[in-house]
Structures are given as C-alpha cells and as structure tokens.
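Down below is the structure, laid out as structure tokens.
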Amino acid sequence: MERCRDKNLKLNSDKLKFKQTEVRFVGHLLTNAGVRADPDKVKAVTKMPIPTDVSAVKRFVGFVTYLSKFLPKLSDLCEPLRKLTVQNAEWCWLDAHDRAVSEIKKLVCASPVLRYYDPKEELTLQCDASLTGLGASLLQNGQPITFASRALTDVETRYAQIEKEMLAVVFGLERFHQYTYGRIVNVDSDHKPLESIVKKSLLAAPRRLQRMLLRIQQYNYNIRYKPGSTMYIADTLSRAYLKETDTTSFEKDLEVINMVKYLPMTESRVKDIKLHSQDDESLQVLQTTVLHGWPIKREDTPSLAKPYFDFRDEITVQDGILFRGERAIIPRTLRMDMMQRIHSSHIGIGGSLRRAKECLYWPGMHSDITQYIQSCETCQMFENKQQKETLIPHEVPDRPWAKVGTDLCSFEGKDYLVTVDYFSNFWEIDFLESTKPKTVIRKLRALFARYGIPDTVISDNGPQFSCNEFAKFATEWEFDHKTSSPTYPQSNGKAEQAVKSAKRLMKRARKDNKDIYLSILDFRNTPTEGMSSSPSQRLMCRRTKTRLPISSSLLKPHIPLFASKEIERNKDQQCQYYDRNARDLQELENGQRVWISPKPNDRTKTWTKGIIKRKVDIRSYEVNTDQGQKLRRNRRDIRISSGTNKQSDNYVRPNDIDLNLYRIPENAPSTDNRPNQNIDNTQTATPPRSPSMEPSVSQPDVDCNPSVQPIRNPQSTNTRSGRQVKFPQKYNDFDTG
C-alpha cells in the first residue's frame with residue numbers, strides 16, 4: 001500500500017481483494033508459506049487413474065521417465081512398477097504399487113519439475129488424442145509448465161482421427177490461453193496429416209475441421225509432426241485422462257455438425273449412398289483407416305486405401321458416408337448412375353466436371369466422366385469440327401511449270417478454268433462453254449502446248465477430273481494426276497488462291513469498266529510480296545511489256561537467281577504462322593471405328609458412323625459408312641469413335657485406356673464436298689494479304705506428316721523450344737477448377 005501511495009496509484013475497492021492468504025499468478029499459487037503449483041494445472045496428473053494393466057503401467061513409467069532429469073530418486077520409486085512390466089510376470093497390484101504411484105505424482109507436480117513460465121523462451125504445446133480422451137501439456141526447454149486432459153464425449157469418440165487430433169489442438173490452445181495467446185506456439189502432434197491440412201485453403205477442409213481451424217485463427221501457431229513414441233506426456237495424458245468431459249459450447253456445436261445435411265441430394269439418394277458404401281470393400285477399408293488414423297508412409301497403407309493417401313487430411317466419415325472436404329465419396333456401384341445423371345442433359349465435358357466437383361468424388365472421376373461423355377453417341381453425332389493440323393507444304397518444284405494446280409470457278413453465271421504454276425504463281429484463266437470433261441481437257445491441252453507438259457497436275461475430285469476420259473488424257477500426255485480429298489479443297493490451296501485472285505481482278509475490272517486482260521497483265525508483272533521477282537519473271541525469265549514506261553534492257557531475259565530460296569523462306573514463315581494453333585492428329589488404322597464429319601451443305605450437321613477401309617495417301621482415308629457408302633475423307637474430317645456407353649450397376653473404370661488419345665479438338669473450318677478418287681492430300685494456309693492486288697506466294701499444301709507418330713504420352717508435351725511440359729499429377733483426379 002505504501003508503494004501505491006508513493007506512485008500515486010488509486011485502487012478500486014470493488015475490484016480489489018485485500019488481505020488474501022493466497023493469490024493465483026501465472027499458473028502458481030503465491031501464499032504466505034511460499035510458492036506452490038496451482039492445483040488446476042496439475043489436476044490432470046494428480047487425478048490420473050491408477051494403472052489397471054501392463055500397458056497402462058508402461059505408459060505411466062514412460063511418462064515419468066521423460067521427466068527423470070527433474071525427479072530425484074525416480075529409479076527407486078519406479079522399481080515396484082518395473083517389476084510388473086517384466087515379460088511373463090504375473091499381474092498383481094499391491095499397496096506398494098499404490099504408494100509408488102502416489103509418490104511419483106507428488107514429485108511430478110512439485111518444483112523443480114514444473115517450471116515458471118518465461119515469456120522470452122520458446123513455447124511448445126504437446127497435444128494428443130486417443131480413442132476416448134484428449135491430452136495436452138505446455139513445455140519450455142522440454143520441462144513442463146502445466147498439464148490438461150479430458151475424456152471425449154460419446155459423439156466425439158466417433159470423430160475421424162484427424163478430427164480428434166485437431167480437437168486436441170483446440171483444447172490445448174484454449175485451455176492454456178493465458179500462455180498461448182499473443183505469441184508464437186509450436187504445436188507438436190503425432191498425426192502427420194495435420195501438417196498439410198493447416199497449409200491448405202480453408203475450403204479444402206471438411207466442415208467440422210473448418211470450424212476448428214476458424215476457432216484457433218486467433219492464435220499464432222505452427223503444427224509440427226513428432227512420432228508418438230517421443231511424446232510421452234501428451235500420449236499418457238490422452239490415455240489416462242480425467243473422467244470429466246468439461247466440454248465448451250463450441251465443442252458441443254461441433255458435435256451437431258453433420259456433413260450429410262449439406263449434400264444437395266434427397267434423403268433417399270443419401271440413404272442409397274450409405275447402403276452401397278457399406279457393401280464397397282475399398283470404402284470400408286478407407287473408413288477403418290480414417291477412424292483409426294493413417295500410417296505415416298504410403299507403403300504401410302492398405303492397398304485399397306492408397307488412392308486416397310495424398311489427400312488423407314481431407315477425408316472424414318459421418319453417418320457411414322465418406323467425404324473428401326464437402327464432397328461425398330461415391331461407392332463403385334453407383335458411379336455409372338452418377339455419371340448418367342451428370343450427363344443426362346448432354347452438357348459438355350467441362351460443364352459436367354464442374355457439376356460433379358460440387359458434391360461428388362471418387363478416384364479417377366475426371367477421366368471416368370471424360371471417357372463417358374466422349375463415348376456418348378448423341379454427343380458424338382453433333383460434335384464440332386476438329387482442330388486444324390500442322391502445315392505440310394508441297395515440295396518446291398525444281399523448275400517452272402513442273403507442278404500445276406487447276407480448279408473450276410463461276411463468275412456472274414459463267415464457268416472458268418483456272419490453272420496455276422506452283423513454282424511461279426503464274427495463273428491462266430479460260431472461259432468454259434460447258435463443264436464437260438472434254439471442254440476442260442481441250443483447254444488444258446492448249447495450255448500444255450504453250451508452256452509444256454507438267455510432271456504433276458493437282459485438282460479436286462470434281463466429275464471433270466475423276467472420269468475415265470481425264471485419266472486417259474493423263475496417260476496419253478504422260479503426267480501424274482493427283483486429287484485432293486473431298487470436302488477438303490485446302491489441300492489444293494494453290495489453285496484455290498489463284499481462283500480468289502482471278503475473281504478479285506474480274507470484279508474490280510467490271511466495276512471500273514476496264515479490260516480484264518490488262519489487269520491480268522499487270523498482276524503477272526507485279527513482284528510478289530517477300531520476293532524480288534514477278535510471276536512472269538519466274539515462269540519465262542523475263543518481264544512482259546505493260547503500259548508503264550520501261551527500259552528495253554529490263555525486258556530482256558534474265559534468270560531470277562534466288563527464286564527457290566525466296567519461295568522456301570516464304571514457306572517457312574507461313575508454316576510458323578499457321579502452326580501456332582495446330583496439332584497433328586493420330587494416324588488411323590484399317591478397321592478402326594470412326595465418325596465422319598457432315599458435308600458443308602448438310603443442314604442436320606450430324607456426324608456419320610463408319611469404318612476405315614484403307615489409307616489412300618497422306619492424311620487421306622477411304623471410309624465405309626454404316627449406310628453402305630464408300631467415302632474418301634481427309635483426316636481432319638474423321639474423328640476416332642470412343643465407343644458407346646453401356647449402363648451397368650457394376651461399373652469398373654478401365655485403367656489401361658489412354659483417354660487423352662480420344663480428346664476431341666474443336667474449331668476447324670468447313671469445306672466443299674466432291675466425289676472421291678485417289679491422291680495426295682495437302683493443304684495451304686494463307687497468311688495476311690497486303691492491301692495491294694498482288695498476292696503473296698501461296699505456300700503449298702499440307703496434310704498428315706507420315707513421320708509424325710500419335711501422341712502416346714498425354715502427361716507430357718514439348719514446347720517449341722524443346723522443353724518438356726508435364727501435367728501435374730495432383731490434377732489427375734480433377735482437384736481443380
């Protein structure tokens with residue numbers, strides 16, 4: 001009181017206790033006789049039950065042995081107890097054993113075993129949960145400060161082991177709140193999954209664990225794993241606990257949390273899952289593992305529970321139903337039924353997976369649902385076009401007019417024949433009185449007589465080119481005739497581009513009432529973009545005279561020296577541009593079941609079933625449809641069939657199927673259909689055009705590169721630089737998105 005008077009302190013009599021014989025302070029009682037331990041903080045030890053079997057004696061001896069460096073004459077006191085633990089010793093509990101236990105308890109609860117709390121030293125909280133009790137001990141430098149334990153209620157004994165262990169952490173932090181609040185606490189636990197669950201998003205934890213984690217967010221703690229064999233104090237307290245439960249309102253709230261109530265399912269469906277879970281051997285093994293605790297190593301885990309080992313900290317059991325987080329784990333016999341319900345409205349793969357992820361889980365769910373939807377016949381009939389394949393240009397001819405492409409077109413009700421040289425990009429356009437084969441052949445004869453017979457002529461499968469009369473013409477004139485796949489004119493892209501250029505010139509000439517032949521003359525003498533020569537120079541090695549004033553020396557023959565290199569450079573640039581959003585498709589085998597893309601003019605836009613008969617050429621196949629038709633199609637117009645779904649109550653996921661080989665690409669352009677015939681099937685992609693009338697050199701055509709093998713390892717791909725990109729293993733079972 002004199003000190004208060006000296007320091008000018010005023011005391012409130014309503015909040016003051018005066019002339020007390022003892023005061024509680026930081027876990028100790030300050031009395032007129034000295035300092036002694038607070039009975040509340042050692043009650044867990046003083047009221048610890050007397051051992052009733054050899055195992056209990058061993059736990060008790062191990063507990064006090066951990067504190068032996070603070071206990072004098074411990075060996076003498078423990079001698080009667082050690083005799084009971086000798087192998088083959090007869091169990092006989094005597095008064096001497098009672099006296100030994102009482103004396104040891106007194107030693108443990110007295111100083112210097114219990115140390116004073118030092119706020120400057122590291123603080124460790126040991127927590128453990130047994131099947132029926134919780135134990136906690138607060139230590140600094142390995143020396144205990146205080147103890148606590150309690151029994152689990154009837155509901156709490158049915159918690160999953162991870163929930164019991166987390167409950168022990170909550171119990172320890174809150175029981176020792178005056179020590180643990182406002183500072184870093186190292187929490188030691190012998191349950192390894194606790195280490196990972198506290199590092200994950202709160203939403204990944206089951207609902208009851210979420211409540212516990214939210215409850216202790218006010219504390220600054222680090223959970224560390226320690227083997228149970230080194231946690232003598234907490235382990236002993238959790239097994240030799242006080243009989244009182246002493247639960248808080250929060251712990252009572254935890255008891256009523258039932259994950260089943262949060263499932264967006266009817267009661268009958270929940271009951272169905274529960275009954276089938278009881279008959280599922282793997283789920284019963286998993287349930288036993290969850291309730292009794294997971295092994296430390298995967299190798300020690302039961303084989304049927306190993307698929308769940310990586311996320312064992314997220315699995316709980318309630319009312320006989322297993323949950324991963326807030327998602328019910330579906331038994332094997334109900335998985336097919338669930339997939340049918342998920343896809344009943346024929347929603348796409350992404351949407352179905354998102355629906356399933358909201359409330360369902362089983363190992364391999366992502367691949368099972370993906371395969372199921374890919375095998376849905378209704379969905380396959382209305383699929384999108386496949387993604388374009390990489391560009392495989394035609395080889396650059398070694399001379400002009402060695403390879404030519406030809407195609408028919410119409411302009412203002414009249415038919416024309418356009419023929420283009422693959423080397424020079426020089427094209428000719430001829431008016432056709434009719435589209436009969438003999439008319440087309442007559443026009444081509446005139447061109448071949450003017451420029452020479454080419455080695456190869458490329459066309460589509462129109463009736464003018466697929467008839468016997470044209471085949472006879474090719475034989476007599478000794479050139480090789482190749483045709484593109486029907487519905488895929490892109491493989492004769494050079495001729496298609498020439499048609500576009502010709503129509504463009506005719507439209508502009510007609511609009512300005514200009515002579516179309518002057519426009520064609522100017523086009524032929526305009527240097528091609530990215531090159532130093534014009535089509536006329538590359539074909540005839542000279543410029544032709546136009547209306548522009550020009551020196552006579554420029555009209556003299558001159559061989560373009562770098563034409564081939566410039567063409568190759570343009571091709572490389574075009575391939576780089578085209579291949580950015582392209583990938584090669586898997587090669588097909590004879591007899592393989594496939595779906596055939598609808599024709600561009602097919603209003604139903606439905607794919608047709610068929611079987612591969614043979615490979616005609618690169619990326620070109622002959623297919624027999626189920627309706628008896630024989631068609632020839634490009635690989636881009638053929639999609640591998642994933643089979644059909646079969647309803648079964650005993651669905652078993654096929655683990656030996658590489659599902660990524662059947663992944664369905666999207667967004668491919670549609671094309672025209674023509675009759676079928678034999679030939680090289682290549683395609684041309686067209687890069688952005690200059691605003692001027694001169695076209696850039698068209699890079700020939702692509703199809704399937706025979707050296708490209710189907711992708712057999714869907715888990716890894718290579719970037720353009722060659723770096724290998726691997727799909728993260730944690731996404732295998734669709735843990736994301």
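Worth pointing out:
- Among residues of segment 370-395 being of a type in the set (Asp, Glu) and in a loop (DSSP other than H, G, I, E, B), the one that is farthest from Thr606 (Cα to Cα) is Glu395.
- The residues of segment 76-91 that are more than 16 Å from Gly62 (Cβ to Cβ) and aliphatic (A, V, I, L, M) amount to a single one, Ala89.
- Matching residues in segment 426-444 - criterion: being under 30 Å from Ser533 (Cα atoms) and either in contact with a helix residue (DSSP H, G or I) (Cβ under 8 Å, 6 or more places away or on another chain) or crowded, with 17+ Cβ neighbours inside 10 Å (or both): Phe426, Trp427, Glu428, Ile429, Asp430, Lys443, Leu444
- Among residues of segment 381-395 that are of a type in the set (Ser, Thr, Tyr), those with a Cβ under 6 angstrom from a residue that is at pLDDT 75 or above, sequence gap 6+ or separate chain, pair up as Thr390/Asp579; Thr390/Ala582; Thr390/Asp584.
- A residue that is basic (Lys, Arg) and within 54 Å of the chain's Cα centre (by Cα) occurs nowhere in segment 432-452.
- In segment 268-293, the residues that are part of a helix (DSSP H, G or I), small (Gly, Ala, Ser) and under 24 Å from Lys164 (Cβ atoms): Ser277, Ser282
- Among the residues listed as Ile104, Ile145, the single one being at pLDDT below 90, more than 19 Å from Lys226 (Cα to Cα), of a type in the set (A, V, I, L, M) and not assigned by the TED database to the domain that holds Ala56: Ile145
- Among the residues making up segment 421-435, a single one is hydroxyl-bearing (Ser, Thr, Tyr) and under 15 Å from Asn525 (Cα atoms): Ser424.
- Residue in segment 455-469 that is in the same structural domain as Gly413 (by the TED database), assigned to a loop (DSSP other than H, G, I, E, B) and over 28 Å from Ser597 (Cβ atoms) present: yes
- Residue match in segment 389-407 (condition: farther than 17 Å from Gln573 by Cα, crowded, with 18+ Cβ neighbours inside 10 Å and at pLDDT below 90): yes
- Listed by position, the helices (runs of 4 or more DSSP H) enclosed by segment 1-67 that each have at least 1 residues that are at pLDDT below 70 are 39-46, 54-66.
- Taken as a whole, the structure leaves Phe423 outside the set of residues that are modelled with pLDDT under 95, over 51 Å from the mean Cα position of the chain (by Cα) and surrounded by 14 or more Cβ atoms within 10 Å (Cβ to Cβ).
- Residue in segment 217-230 that is in a helix (DSSP H, G or I) and closer than 27 Å to Leu322 by Cβ present: yes
- One residue stands out in segment 578-623 among those that are part of a loop (DSSP other than H, G, I, E, B) and small (Gly, Ala, Ser): the one that is surrounded by the fewest Cβ atoms within 10 Å (Cβ to Cβ), namely Gly591.
- Qualifying residue in segment 355-367 (condition: in a loop (DSSP other than H, G, I, E, B), over 47 Å from the mean Cα position of the chain (by Cα) and over 18 Å from Ala498 (Cβ atoms)): no
- Some residue of segment 326-341 being part of a loop (DSSP other than H, G, I, E, B), crowded, with 16+ Cβ neighbours inside 10 Å and either at positive phi or of a type in the set (Gly, Ala, Ser) (or both): no
- Pick from segment 245-291, criterion closer than 20 Å to Pro331 by Cβ, of a type in the set (A, V, I, L, M) and touching a Lys or Arg at 6+ places or on another chain (Cβ under 9 Å), ranking: modelled with the highest pLDDT: Leu283
- Residue satisfying all of: in segment 529-569; in contact (Cβ under 8 Å) with a residue 60 or more places away in the chain and in a loop (DSSP other than H, G, I, E, B); surrounded by the most Cβ atoms within 10 Å (Cβ to Cβ) among these: Met531
The values are calculated or read from the model by the stated rules, or taken from the named source; none is laboratory data. Because the structure is predicted, anything quoted here is derived from the model rather than measured. Heads up, the Cβs are rebuilt from the backbone with ideal geometry, glycines too, and the neighbour counts pull from every protein chain shown.
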